[in-house]
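Okay, structure first, notes after.
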Amino acid sequence: MAENTADTPVAGGTKKAGLLNRFDNPWMNWKFLTGAGIIGLIFFLIFLGNQFWDTELALAGASPLNMPPVGFTNWRNQEGIPEHPLGTENSGRDMLALLIVGTPRTIGVGAIAASVGMGVGIILGFLAGFVGGWVDDVIRLATDVTITIPSLLVLIVIQAVLPRIDLVTMALLISMFAWATPTRYIRAQVLSMRESGYVQMARLSGVPTRDIMYREIMPNLLPYLAASYIGNMTGAILSAVGLELLGFGPQRIPSLGVTIFWSIEAAALLRNMWWWWGIPTVILAVVFIALLLINLGLDEIANPRLRKAN
Amino acid sequence: MGSFSLNYLLRRLLVFFLTVWVAATLIFIIPRLAPGDPIQAMIARMTQFEGYVENADLIIEAWRKRFGLDDPIHVQYLRFLGNTLRLDLGYSMANFPATVYELVGRALPWTIGLVGIATIIFFTVGNLCGALLAWYRTPRWLKVMIPISMTFTSVPPALFSLLLVYIFGFLIKINERPLFPQVGAYARGMTPEFTLEFFSSVLYHGFLPAMSIVLVTFGFWALGMRGMMVTIEGEDYMILAQAKGLKPFYVLYRYMIRNAILPQMTALAVSIGTLINGSVLVEIMFVYNGMGSLIYSGIANQDFGLIQGTSFILIVTSALAVLIIDLTYPLIDPRISLEGR
């Protein structure tokens, strides 16, 4: 049975190859593809923007103030100019440059926090599900408590003491709360997998526990883990944007949330400068919707019962 | 109706008290992580921000006495825990003679009202939509409509409230007046009292904030409910129910929704934290008179005592909400007492 263990990745490969011959390849569901497509497109546009647009324009004072997008006029009846196709805000930052610079920063915070959270979640989830006993009890309690606490409030208290921090530190702070949901989720999956036939078989054949965990169970959990990662990322971006809306965040080169915070501070709503708060809001909304679609798609891949429903 | 198993009850209470303890401890530790004397640092920050601080000496004296900053750290910690348990949260520095307890007492009912009503609406609407999505007798047009309305799920409530304010508080105008007010929890100049006029003003002002929570949240519950319903449709007892010739609505309610709602209740308890996160930001966007705005004013005035106290009370509130949901759960799921989990 030791060779069975070694074969697992290969077995995964054959499974995939077999599915490719059928029409109902679960990876070909429209939700997953659309979501991934949107995220791909966003990154492609950011790449293009970095190649062809001057990102220095995202700094304060780089452009004329309060210009509307092309084809619109602002309250001083100025018309949009092609040098600033999406307009500028009230300290002279070019909106297009802001988006090119800010969007990857916002998604990046989510990715870092979610990665750290997932890593801890995988370790703790497997430990709790496999070792059981008091280890399980402690991990479950810690998870329940962490999930109950609204993370934003603790992050606000921390940031009130350390007001100026960079995005990576912010991401790491957020990840202090991002491990709990994956841990709970993975633990539940591991518990149900632990009793399945192939795991029992491996155990009977004397495969070491660590190998059972990471070489037998883990590959089967991959779609779940991916879905959980995306959900985690959504949550982390949400926390980051929340903190930024409160005014905590990088000041010199802003991310999307910081841009929206400044627009609110400067009463952009009342001055009808919709491009200032509206465009970053819409971009964020699109990112969130795309992540949700990926999440739903992955859920269907992991759970055949949901596929049946369509 | 099931009764609680002792084990279940004890575990839930343990989680509640642990949460309160962890929150209090975090709030004790965090300001001490910053270099220097926490109170001096706070006053310095306030001075830097506001130019000068009224009653600075009084504040320093009051806080020094309260914290006993010259005592050893474990004495400080125990005193802090004792004070916190008695809900003695100290003074708000920006509104000095006022205590945090007074300010929180005024703001908390607004937050509980807003979040509570929004929760009841999105939980009901979301679960109904999800159930109808999976039910075989639902009209086809409804099955197309519901997923379209779910597009906004996962957009943060705070961002969605920006859109709502812009559209309904700014763009759409009737007789030169916006359709809905942009800010506040009731009309300016009114004093809270039990009159119909005040009540309707509260509803009118609360509509947009509540909607920004409901519209982006109910889709999540519809999705979860649909998943559960699909699972239940495959169960043997469903075939039996249909074979018995029970009325479709009876089957939908007693056999499907009744069973599918159980995991949704658990999910609600898990999502309370996220919900509070979101509503704090929504309140700030609408300058609603609740805890969110209180925190925001704390941040704006560098009033650390206020931020601490408000955060702590909100964490306790959400832990309490989770506890209540967990304790009502056995009432709708009699099996829990038998399994003794």
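The values are calculated or read from the model by the stated rules, or taken from the named source; none is laboratory data. Quick caveat, the model's predicted, so the values are computed rather than measured. Virtual Cβ from ideal backbone geometry, glycine too; neighbours counted across all protein chains shown.
Points to keep in mind about this one:
- Residue check, residue A:140 of a type in the set (D, E, K, R), in contact with a Pro (Cβ under 9 Å, 6 or more places away or on another chain), surrounded by fewer than 23 Cβ atoms within 10 Å (Cβ to Cβ) and in contact (Cβ under 8 Å) with a residue 24 or more places away in the chain: no
- For residue B:143, the conditions (1) modelled with pLDDT of 80 or more; (2) over 20 Å from residue B:116 (Cα atoms); (3) in a helix (DSSP H, G or I) are fulfilled apart from (1).
- Any hit, the stretch B:196-204, residues being within 12 Å of another protein chain (Cβ to nearest Cβ), within 30 Å of residue B:130 (Cβ to Cβ), out of contact with any strand residue (DSSP E or B) (no Cβ under 7 Å at 6 or more places or on another chain) and free of Cβ contacts under 8 Å to residues at least 40 places away in the same chain: no
- For the stretch B:291-317, the candidate set comprises residues that are of a type in the set (A, V, I, L, M) and at the interface with another protein chain (Cβ under 7 Å from one of its Cβ atoms); within that set, the residue that is surrounded by the fewest Cβ atoms within 10 Å (Cβ to Cβ) is B:299.
- Of all residues in the stretch B:186-206, at least one satisfies being assigned to a loop (DSSP other than H, G, I, E, B) and surrounded by 18 or more Cβ atoms within 10 Å (Cβ to Cβ).
- Pairs, first on the phi < 0 side of the Ramachandran plot in the stretch B:238-258, second aromatic (Phe, Trp, Tyr) and surrounded by 12 or more Cβ atoms within 10 Å (Cβ to Cβ), C-beta under 6 Å, six or more apart: B:241/B:255; B:252/B:135
- Among residues of the stretch A:245-266, those that are surrounded by fewer than 23 Cβ atoms within 10 Å (Cβ to Cβ) and modelled with pLDDT under 80, counted: 4
- Residue within the stretch B:244-252 that is touching a Lys or Arg at 6+ places or on another chain (Cβ under 7 Å) and either surrounded by fewer than 20 Cβ atoms within 10 Å (Cβ to Cβ) or closer than 30 Å to residue B:188 by Cα (or both) present: yes
- Only listed residue being within 19 Å of residue A:239 (Cα to Cα) and at pLDDT below 90, chosen from B:274, B:266, B:310: B:274
- Test: residue B:239 is surrounded by 19 or more Cβ atoms within 10 Å (Cβ to Cβ) and farther than 16 Å from residue B:128 by Cα: no
- Some residue of the stretch B:154-162 being away from chain A (no Cβ under 13 Å), assigned to a helix (DSSP H, G or I) and under 29 Å from the mean Cα position of the chain (by Cα): no
- Criterion (touching an Asp or Glu at 6+ places or on another chain (Cβ under 6 Å) and over 20 Å from residue B:153 (Cβ atoms)) met by exactly one of A:207, A:258: A:258
- Selection within the stretch A:235-266 - of a type in the set (A, V, I, L, M), more than 7 Å from every other protein chain (Cβ to nearest Cβ) and assigned to a helix (DSSP H, G or I): A:236, A:237, A:240, A:243, A:256, A:258, A:260, A:264
- Selection from the stretch A:267-287 of residues that are crowded, with 21+ Cβ neighbours inside 10 Å, facing chain B (nearest Cβ under 7 Å), under 17 Å from the mean Cα position of the chain (by Cα) and of a type outside the set (Ser, Thr, Tyr): A:284
- Some residue of the stretch A:113-133 being hydroxyl-bearing (Ser, Thr, Tyr) and more than 30 Å from residue A:269 (Cα to Cα): yes
- Taking the numbered list (1) within 26 Å of residue A:266 (Cα to Cα); (2) free of Cβ contacts under 8 Å to residues at least 24 places away in the same chain; (3) not basic (Lys, Arg) in turn, residue B:324 passes all entries but (1).
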